[in-house]
1. If I ask for residues that are part of a loop (DSSP other than H, G, I, E, B), open to solvent by less than 10 Å² (accessible area, probe 1.4 Å) and more than 7 Å from chain A (Cβ to nearest Cβ), which ones from segment B:184-203 would you list?
2. Going through segment A:56-78 one residue at a time, which ones are more than 14 Å from the ligand (Cβ to nearest atom), surrounded by 23 or more Cβ atoms within 10 Å (Cβ to Cβ) and of a type in the set (A, V, I, L, M, F, W, C)?
3. Which residue, of A:Gly218, A:Gly195, A:Gly232, is open to solvent by 50 Å² or more (accessible area, probe 1.4 Å) and not assigned by TED's automatic domain parsing to the domain that holds A:Lys327?
4. Only one of (1) open to solvent by less than 40 Å² (accessible area, probe 1.4 Å); (2) in a loop (DSSP other than H, G, I, E, B) fails for B:Ser224. Which number is that?
5. I'm trying to understand the selection: among the residues of segment B:1-32, which are over 18 Å from B:Ala203 (Cβ atoms) and not in a loop (DSSP other than H, G, I, E, B)?
6. Within segment B:205-222, can one find any residue that is within 14 Å of another protein chain (Cβ to nearest Cβ) and in contact (Cβ under 8 Å) with a residue 40 or more places away in the chain?
7. Within segment B:390-410, work out how many residues are surrounded by fewer than 24 Cβ atoms within 10 Å (Cβ to Cβ) and at pLDDT 95 or above.
8. All but one of (1) over 26 Å from B:Pro392 (Cα atoms); (2) outside any loop (DSSP other than H, G, I, E, B); (3) open to solvent by less than 10 Å² (accessible area, probe 1.4 Å); (4) within 14 Å of chain A (Cβ to nearest Cβ) hold for B:Thr75; state the number of the condition that does not hold.
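The values are calculated or read from the model by the stated rules, or taken from the named source; none is laboratory data. In this text the structure is predicted, and so the values were computed from the model without any measurement. Every residue, glycine as well, gets a Cβ built from its backbone with ideal geometry; the counts of neighbours run over all protein chains shown. Calculation scope for accessible area: heavy atoms of the full protein, side chains included, ligands and nucleic acids excluded. Shrake-Rupley method; radii C 1.70, N 1.55, O 1.52, S 1.80 Å.
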Amino acid sequence: MREGSLKLRPYLDEVGVMIGLEIHVQLNKLNTKIFCGCPLDYHDDEPNTHTCPVCLGLPGSLPVINRKSVEYSIKVGLALNCTIEEHTQFYRKNYYYPDLPKGFQITQYDYPIASNGYINIEGEDGEIRIRINRAHMEEDPGRLVHEGGSIERSKHTLIDYNRSGVALLEIVTEPDIRSPKEARRFLDKLRNILGYLDVVDTTLEGSMRVDANISLSGGSRSEVKNISSHKGAERALLFEIVRQKNLLRRGGKVVQETRHFDEARGVTVSLRTKEEAHDYRYFPEADLGPIKVADWAPGIKATLPELPDARRERFVSLYGITDDHAKSLTSEKQVADFYEEVVIKCSNYYKPDESIDDYIQLDIAHFAAVWIADELKGQLNFRNLNIDSFKVKDMVSLIKLIHENKITEQSGKEVIRTILDDGGSPDEVVAAKGLLKAGGDIVTTAVKEVIAENPQAVEDYRSGKQEAVNFLMGQVMKKTRGRAGAKEVREMIIQRI
Amino acid sequence: MITVSQTLEAIKDSSAEEVVSQCIERIENSKFNTFITVAKDSAPEAARKAEGHTGPLAGVPIAIKDNISTRGIQTTCASKILGGYVPPYDAHVIERLKAAGAIIVGKVNMDEFAMGTSTESSYYGPTLNPWDPERVPGGSSGGSAATVAAGEVPLSLGSDTGGSVRCPASFCGVVGLKPTYGVISRYGLISYANSLEQIGPIASNVGDMTLLFNVIAGHDPRDSTSVAGEKDYTKALVNDVKGLTIGVPKEYFGEGIDQAVEKSVWDGVHRLEDLGASWQEVEMPHTKYALAAYYVIAMSEASSNLARFDGMRYGLRLEKDHDWHTTYSEIRAQGFGEEVKRRILLGTYALSAGYMDKYYIKALKVRTLIRQDFERALKDTDVLIAPTMPTPAFKLSEKISDPLTLYMADVNTVPINLAGVPSVSLPCGFSDGLPIGLQIMGKHFDEETVIRTAYTFEQNTDFHTKAPEVV
Ligand SMILES: [Zn+2]
């Protein structure tokens, strides 16, 4: 999108904050793990119940690639504007840790599934581009449970291999991020894109885990691990900037090291320095062999859903709404879907015979944007609820009530609040609270007027000419400028003549 | 030695249970330390259930190398570190054997984790060569070959990473096949060097070996390197080599080759010539680099494959736990034998930053050249014939203390694994009462021509009828 408008910012300014992120995304919408047939619905089950010889790394077991996981990864790669190479290849990353049952992790090294992409985000001063270095596939290790809470305090550690072998996609950015806030925006945008692709349920624990590299003024960088939320990323990075700044101010030197983010205390603590760095001895995993993926990409590209940026542009041009509204509505797929459904249902109601592509009521679209983006979203955020808490059908009824001037805007807001807090439908709330505008029924008035003004058509209908009623309906629509329900009008006319 | 047809006759005359019980009795009285675990209870029971089975191996006892996973039967890889490990699942070949009616009578001895050429590195003691108990049976599938040679079982499975089926077959005077990489599923085979190894059948004659091969070969979706398609290899049991072109690579008759071995193999080539085949010398110029490349690749892969043995989930556990780092180190220090440690250390070194290009990457390049040698040599020929081993079986503890000399013994077998082609070893003569093996190598996935050549040779010679005197 709009490539020309994007400026690469100066590589380093005075404070020179450079942040790069590594995001481990669990492809938890797959049916099975990455190299075996074990199902992924383990979250409510006992430890070590979703395992087999392969994900337990039993002697003699062999990995077989879950082809769907490759497909999902290509999907994400394409959505992040990455190149998908001819072949992709798995490697072994050799290190010992109790959560790693084989003593190595099957991951990618050379020939990752996707490389050289980017995501555009809202930067501190306008839209900016964050480059994606690569996205590579790997298996999740098991989960360590430290009895007693922390590594230091526990006497022993339990290992749950239910998570072992879940497909991960690790997305690695270039160090293009300049502030903790940008990091958070990047993560939000990434989550939004992943939501659109329907490859990950980001509400599940551990579905998006972040490691962050951060350096100041071109100095050594520290790597912060164990960040599990977007808010946590912002906090961890803020802490690191302050820590590194203070260190430099006191004449100290930032050493290259790995630090652990303690979410509860909001601080980072040193885990290991560069001297203790591992030599992972990456080498090709002969049990899998190279996978030719060049042929897959075009087909997957064709099935790629519309992504947030494209959808936002379409909302502006198709529905004539403002860019701010479009941005707000598309920042979550479910909200964008909700909005479109509401617009289509409202338009259908007013003009059922037209194909929706040719006919969308722009004032309704605008109306819906205001009520969903400004009002409903605000109330949902306030209550920490998501869009599922409000029904499309209720929003359609509400918009009609307001649009047809049956209730005031003030009442409309009350209806939303009441439904979220106590339930019920707009009609019920309106009735219960007596919110209907007194004597303001313009449709009834219009019907009465049209009947009085067209005695011939009334006569025709009475003598059996059914089509006469269509003429009368047209007249009512004209008078109400389309703000009347066709079915409703028809019934009202027939009732009265 | 006993054949499958003799065994089937015996079952007809008595019962599978009776035959299996006699087999177990022979194993338990073995003087050659062939088995690590005998399936004393499960085998007779399986035999009872096999009554009326119509599979090609119904009721036939078979010995399994102890690095192939067998559900319910301890599988140790002849290592202390896997003592007491009972797999909860069957390897693909075991499933196929059971479906064919075969009875697993136990797990046979081997070099620890298949690392060796003599079966002397087993934690459970060396296996002895039935032809001369003062000599090694070869390795690493020494138990598999020795138990067949001793007439304890008609069939066995071994595995061949750099000659581990063919070497003991040669030293014990039996028939063993290393199939093309990918023909037999490795699912359940405990990896030593996963890009090189294949499970291989061992029997007293080519016909039985082929029958067993036919049962265990075929596609398995659980092994990504397993190739698709099923063949009936028994159709290759044809006594005819007219028009066959044999290539003889002179590099396989190099320095250190025993005179008797050289003569027996050439006699074998000429015998086939008498039967209508023709032969020509072929050049395989990169053979001299094969041994070094093989050991670098095998050890590198081993260093990673053996990383999972840490005592956390199965196998050796120490009295007292420390922090995980110390516990791992102690378990591995106590659980692995010397040769295994040597290979893990050398392999780790070969893959380390700064050394990888010099060793591992270079070895992969050599591997490509070796493969090309085979493709070139087999372009104008149908099979290649060479000695399996440069000498007959050597004495126990003669070479075990000098790893380099021991590695040199694999000079003629490792190129085949680097290239991934099929090769069968079968007896072609004797030297001072010790069997000599000849190996027939073929094109990728052309086991049929290899089997036909071996079968024709066997039908027209009598080496396979000789058996050691086992009192
Ligand atoms: Zn599994």
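1. B:Ile184, B:Ser185, B:Tyr192, B:Ala193, B:Leu196, B:Glu197, listed by residue number.
2. Of everything in segment A:56-78, those that are more than 14 Å from the ligand (Cβ to nearest atom), surrounded by 23 or more Cβ atoms within 10 Å (Cβ to Cβ) and of a type in the set (A, V, I, L, M, F, W, C) turn out to be A:Ile74, A:Val76.
3. Exactly one residue qualifies, and that residue is A:Gly218.
4. Only one criterion is unmet by B:Ser224, namely (1).
5. Passing the criteria: B:Lys12, B:Asp13, B:Ala16, B:Glu17, B:Glu18, B:Ser21, B:Gln22, B:Ile24, B:Glu25, B:Glu28.
6. yes
7. Selection size over segment B:390-410: 5.
8. (2)
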